[in-house]
Amino acid sequence: MTAVGRPSLLALVLVLPVCAMGFIFAETMHSPSSLPPWRLRGLQQCLKGSSVIGCDVFACLEDTCEAGGMYRLCQRLLDNGHRFNTQGKVFLKGALPCMARTLTNDVSLVSGSCVELQELVIMAESHCLEEHGLCNVAANNTQAIKAIMPVQELLRNRPTYELIRSIMECEDDVRAQFRPDLTAAVGEAVLSVMNKFGLGCWFSMYG
């Protein structure tokens, strides 16, 4: 498989109309238009038997359709939990179960589309990151967070991007701790487009 490189500014300009349309290309090319009822029933049964502690809920989602990569992010967070200070550990113990509970409660709202399920994951993540004080945690756990955001995941994994996007909406002093690494990894132009239009632009190009 050809490695993903930085897109040129021309490529970014050409893709902006697609970005404004959201995930049209990604939905059409990578997600089934609907999930059969038996798969949704299987998901609901899996969720009922899963603990909100750990990554089991996210594994259920991934088994149904690739729900954005939250399972991979959850695993990386838990595997690197020892890198976080006490505040960070409390954050992990609160935010991950919050996401799992939210998804378990709201999955019945999904009418049968993988895209809906993926968006539900991102909404739950965004809500729980804010509710459990991500910005305060990021300010005091910079290296721990950097350890779980490899560049290839930032560009391919929506939940990883959502984590970084949320951090980049924190106070200036918090953003300043992360921006140099992100700029060095993907380039200033790409980072600016991602901040403005969201990762939908990237997925439309490379997803």
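Under the condition of being over 12 Å from the mean Cα position of the chain (by Cα), under 20 Å from Cys46 (Cβ atoms) and β-branched (Val, Ile, Thr), the residues counted in the stretch 106-154 number 3. Here the stretch 38-56 is the region considered, the condition is being within 22 Å of Lys89 (Cα to Cα) and loosely packed, with under 15 Cβ neighbours inside 10 Å, and the residue that is modelled with the highest pLDDT is Ile53.
Of all residues in the stretch 80-105, those that are free of Cβ contacts under 8 Å to residues at least 12 places away in the same chain and either more than 18 Å from Cys46 (Cα to Cα) or surrounded by 17 or more Cβ atoms within 10 Å (Cβ to Cβ) (or both) total 6.
Confirm whether Leu103 is among the hydrophobic types (A, V, I, L, M, F, W, C), within 17 Å of the chain's Cα centre (by Cα) and closer than 17 Å to Glu62 by Cβ. Quick ask: steps written out before the conclusion?
Working: among the hydrophobic types (A, V, I, L, M, F, W, C): yes; within 17 Å of the chain's Cα centre (by Cα): yes; closer than 17 Å to Glu62 by Cβ: yes.
Against the criterion (among the hydrophobic types (A, V, I, L, M, F, W, C), within 17 Å of the chain's Cα centre (by Cα) and closer than 17 Å to Glu62 by Cβ), Leu103 qualifies.
If you check Phe178 against the conditions, is it over 26 Å from Asn85 (Cα atoms) and either of a type outside the set (Gly, Ala, Ser) or at pLDDT below 70 (or both)?
In short, no.
Exactly one residue out of Ala67, Ala59 is within 25 Å of Leu96 (Cβ to Cβ) and modelled with pLDDT of 75 or more, and it is Ala59.
The values are calculated or read from the model by the stated rules, or taken from the named source; none is laboratory data. Just so we're clear, the structure is a prediction, and the values are computed from it rather than from any experiment. Note: ideal-geometry Cβ built from the backbone for every residue, glycine included; neighbour counts use all protein chains shown.
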